[in-house]
Amino acid sequence: MLEEIIQDLDQVLVMTVNPGFGHQQFLRTTLPKIERARELIERHRPGCDVEVDGGIDATTAPLVVRAGATVLVAGSAIFGDRDGVATAMERLRMALDRMKDEPEPAERSAPQRS
């Protein structure tokens, strides 16, 4: 179905938890979905973002970026962190910065940061 509308999209959202409420655990079974969405986008609509939402933290962020995500939503990991928002943001940034030392697949956009 996504193939039918991909030309009209600027962003595709992949929920990485069961939608409905916060503080859920990341579902690793969504990684292949992110990869498939990225492959489809690269074939039909390069430049379209893949956004992921749910269970994103310093551990899962590198996984979804490697799978092809370019926009990450990290609500609970940032706003629910006992060390505060600034510390949580820095932790997430550091996890993504460590990926710079790893080879990145060709033609993949870098994740957007706030």
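The values are calculated or read from the model by the stated rules, or taken from the named source; none is laboratory data. Given the structure is predicted, the values throughout are model-derived calculations rather than measurements. Cβ sites come from the backbone with ideal geometry, for glycine too, and all protein chains shown count toward neighbours.
Before moving on, here are some points about what is shown:
- Of all residues in region 1-41, those being touching a residue at least 40 places away in the same chain (Cβ under 8 Å), more than 21 Å from Ser76 (Cα to Cα) and surrounded by 10 or more Cβ atoms within 10 Å (Cβ to Cβ) number 3.
- The residue of region 94-111 that is modelled with the lowest pLDDT, among those that are surrounded by 10 or more Cβ atoms within 10 Å (Cβ to Cβ), of a type in the set (Gly, Ala, Ser) and outside any helix (DSSP H, G or I), is Ser109.
- Being modelled with pLDDT under 95 and out of contact with any Gly (no Cβ under 7 Å at 6 or more places or on another chain) is a property that holds for Ala77.
- Selection status of Thr87, of a type in the set (Val, Ile, Thr) and touching a residue at least 12 places away in the same chain (Cβ under 8 Å): no
- Just one of (1) hydroxyl-bearing (Ser, Thr, Tyr); (2) modelled with pLDDT under 95; (3) buried (at least 17 other Cβ atoms within 10 Å of the Cβ) fails for Ser114. It is (3).
- Among the residues of region 46-63, those identified as on the phi > 0 side of the Ramachandran plot and buried (at least 18 other Cβ atoms within 10 Å of the Cβ) are Gly54, Gly55.
- Leu63 vs. criteria in contact with a Lys or Arg (Cβ under 9 Å, 6 or more places away or on another chain) and at pLDDT 95 or above: yes
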